[in-house]
C-alpha cells in the first residue's frame, strides 16, 4: 500500500492531501476484505463553476419535504471527522497514515492544515525565504477557512480545498475538490486549536511525543529531506517551534479524547483507537442501510400504473418476446446483445419523448415549398449519465439514437461485507449543473434491484446542481420495491422501464423472480 | 393530419419527439446527412411498430438458475420487400431489428407515355407465400406503385392479412385508394398528411424522399 500525492505539485513542499491508492493488481470491481482499496472520490469536474450555495442538499431537497415524503441522507452528509494534533515532529502524519491504512474504507480524506497557510505579503515572503518567518504561530494558519471547508464537507457539499505552495510561499491558484468523503482526518499542529473546528470533530487525538524526540525528528527531516543546514534548523526550532509549542500547542491536549504517547510506534494505543473508529463506522453504515430500508416502509400505496412519473413500456408481442429471449438461459451471448440493443433503443426513444419541445421559431418549408404545420423542435439538451457498468449496456443504442450526446459516468459499488452502496468515482460533463442550460439527464442503469445505487446517483446529481425534475432514469428491469424506494426519496424524477416486478406476487412477474433479483444484464452483455 | 386513424391504419403515436423528427426531415434546409440520420430514426420506429403487429406463441424457458419463465416467442418467418429506390432506404432499419431477414425488391416506375405505373423488375424470396411481408416504401401518395407491388405479392400467394405496408408519410386519398383494393392489409405510417396537390405530390410532404436520401 502506497501513499500518493493527489496533485502533481510534488515540488510544492509539504504533504497536501493524500489518498491511499488501491493496491496493485486490484480493480475496484473485485474489492474485497482481502484487497484493501481506500480511495477518495476526486471529482474530475473541478471547473464546473457550480453555485455551491444553490446546490446544497437542503436547497434541492427542500422542494420535496412535504409531510409524508422521506428525505434521503447520503452517507457523505455525516462524515466521521478525526482531528490529529501534536507538536512538530511528534508523528501526526504517521498516525494519520496508520489510521487510513488500518481503516481501509473508501473515501477517507486526509486534510493537512498546511493547505491553509495564509498567503504571505511580499515582505513576509522575504523573511520566509530566509527562514525567519514564524510558520508555527496559530496566526500563520487560516483556521477559519479550514473550519468553513470542513463544515461544508460535513454538510455533504462538494468542497474546494486551497493548495499552498512552499516554494512560492503563497496560495496557488489550484484547488482540490473533495466530494463524498466518509472519513475526514484533519492533521496539523493546530488541529485542536480552533474551537468551532474542534466542535465538528467526532474524535480528537493528540500525539504526545517527548520534545527531544520531536527535535531529533525535525532536525533529521529538515536536513536530510528539506536541504536546510543544521544552524538554520536549530534557529527555527529555538525561535519559533519551541516557544509556540509551549505557548499554544501543548495546551490543546486538553481538547483531546485520546492522547497517544510516542506516536505511530504505540501499537497498542493505535490498535485500540482503530477498533473504536471501526465500531463507529459500522454503526454509521448500518444506519445508512437502515435508512434505505426505512424508505421501504414509507412507500406510498398508489398503484404503480397510476404513478405518472413511472413509464413502463407497453407489453406488446415484440416486447414480451424480447423479454423471453433475455430471460432464457439457452440464449447465446450474440442474441442477448442484439436483443438488448433493440429494447434499449426503444427505451431511449421513450425517454427522449420526455424532453421539452416547442413550435419552431422560423417557418419550416418543404422542398416543394409547402409550410409545415406541426413544426416542432427540441429545446433541451439530453445528457446521459451511466452507472458503471450496467448502464454502459445502453451505449450502443444511445450512440445510434443520439450520436453527439454527452456522457457522464458514476461508479457505485456495494460493500462486500455490509452491502452498503459506496460511491467511488464521478465523471460528469461540465455543464451538468448549469442552471441556465435547459436539459434532461438520462440516468442509465440496466437494472434496479434495491434501488440504492440509483438513489445515491440521484443525490450525486442533485449535489452537482441538477434539478430533480430534469432527471430521467432509463432502466431495463426494476423491482417494484426498488422503484417505490426511489420515488419515495425523489418524487419528481421520472423512471422509464421495460419491465417491472410486483411486490405481492399476484402478477405474472414478481420481485422475487430471479431476473429481478440478480444483476445479470451486464454479465450477459459483456460476457464476463 | 387526421385525428383518427381509419381501420387497418396504424399511426405511430404523435409524440413531440416524433413531430420534431418530422420537422427536421420535412425542412428543405436540412442537409442530407441529417435527413438520412433522422429518417433512419423514424424508420426504426416504424419497423418496431410493424413487428409489434406480428403474432407470438407461448413459450416456456428456463432461466440460468433453473427457474421456469412463461414467455412468448416470435411466430412465423418474415421478409421485407422494398420498392426501388426510395423503399431500399428502409431495408437497414428492418435489418437492425431482424438481422438476417430476407429482402425482396420490386422496381416500379411511371410509364412516360401512359403516366401509369409499370412493373420493371421483381426479385422475391421463393417461399414468400409462407412469410409475413413488410412492404417498404417511404411515401404513400396516390398509392399507385404500392397497389401494383401488392398485386405482385398476392400473385405470389402471400395472404393479405400477412402483409404490412410501412411508410413514413401517407395521406387520406392514398390510404383510401389502397384500402379500396386491399381492405385487409394494414398500413403502418408515421404521418397522415393533408392530401395531394394537382401534380399528385403529398402536401405537406417532404419533397422527393429518394432524391433527398440518396442524391441531394
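The values are calculated or read from the model by the stated rules, or taken from the named source; none is laboratory data. Note that the structure is a prediction, hence the values are computed from the model and not measured. Please note: Cβ atoms are built from the backbone with ideal geometry, for glycine as well, and neighbour counts cover all protein chains shown.
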Residue list for the range A:361-396, filter: within 7 Å of another protein chain (Cβ to nearest Cβ) and either touching a helix residue (DSSP H, G or I) at 6+ places or on another chain (Cβ under 6 Å) or within 30 Å of residue A:326 (Cα to Cα) (or both): A:364, A:366, A:372, A:374, A:375, A:376, A:377, A:378
Every residue from the range B:1-19 that is at the interface with another protein chain (Cβ under 9 Å from one of its Cβ atoms) and not in a loop (DSSP other than H, G, I, E, B): B:16, B:17, B:18, B:19
From the options A:315, A:303, residue that is without any contact (Cβ under 8 Å) to a residue 12 or more places away in the chain, out of contact with any helix residue (DSSP H, G or I) (no Cβ under 6 Å at 6 or more places or on another chain) and away from every other protein chain (no Cβ under 14 Å): A:303
Condition met for residue A:430 (more than 14 Å from chain B (Cβ to nearest Cβ) and farther than 23 Å from residue A:289 by Cα): yes
Residue within the range B:182-200 that is in contact (Cβ under 8 Å) with a residue 40 or more places away in the chain, within 14 Å of another protein chain (Cβ to nearest Cβ) and on the phi > 0 side of the Ramachandran plot present: yes
Boolean, residue A:345 is surrounded by fewer than 22 Cβ atoms within 10 Å (Cβ to Cβ) and within 7 Å of another protein chain (Cβ to nearest Cβ): no
Residue A:469 vs. criteria in contact with a strand residue (DSSP E or B) (Cβ under 8 Å, 6 or more places away or on another chain) and either under 25 Å from residue A:158 (Cα atoms) or at pLDDT 90 or above (or both): no
Qualifying residue in the range A:322-333 (condition: out of contact with any helix residue (DSSP H, G or I) (no Cβ under 8 Å at 6 or more places or on another chain), more than 9 Å from chain B (Cβ to nearest Cβ) and modelled with pLDDT under 95): yes
Count - residues of the range B:20-70 that are within 8 Å of chain A (Cβ to nearest Cβ), within 30 Å of residue A:371 (Cα to Cα) and touching a residue at least 60 places away in the same chain (Cβ under 8 Å): 4
Unique match (being within 14 Å of chain A (Cβ to nearest Cβ) and surrounded by fewer than 21 Cβ atoms within 10 Å (Cβ to Cβ)) among B:107, B:94, B:75, B:124: B:75
Breaking point among (1) more than 7 Å from chain B (Cβ to nearest Cβ); (2) part of a loop (DSSP other than H, G, I, E, B); (3) touching a strand residue (DSSP E or B) at 6+ places or on another chain (Cβ under 7 Å), for residue A:351: (2)
Residue within the range B:175-187 that is part of a helix (DSSP H, G or I) and buried (at least 23 other Cβ atoms within 10 Å of the Cβ) present: yes
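In the range A:367-413, how many residues are under 29 Å from the mean Cα position of the chain (by Cα) and either within 30 Å of residue A:104 (Cβ to Cβ) or in a strand (DSSP E or B) (or both)?
Step one: of the range A:367-413, the residues under 29 Å from the mean Cα position of the chain (by Cα) are A:380-399, A:402-413.
Now restrict to residues that are either within 30 Å of residue A:104 (Cβ to Cβ) or in a strand (DSSP E or B) (or both): A:381-392, A:406-413.
Residues that pass the stated criteria total 20.
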Those strands (runs of 3 or more DSSP E) lying entirely in the range A:133-207 with at least 1 residues surrounded by fewer than 21 Cβ atoms within 10 Å (Cβ to Cβ): A:159-165, A:170-178
Some residue of the range B:167-178 being in contact with a strand residue (DSSP E or B) (Cβ under 9 Å, 6 or more places away or on another chain), under 19 Å from residue B:88 (Cβ atoms) and within 14 Å of chain A (Cβ to nearest Cβ): yes
Given (1) touching a strand residue (DSSP E or B) at 6+ places or on another chain (Cβ under 8 Å); (2) surrounded by fewer than 22 Cβ atoms within 10 Å (Cβ to Cβ); (3) under 22 Å from residue A:470 (Cβ atoms), index of the condition residue A:385 fails: (2)
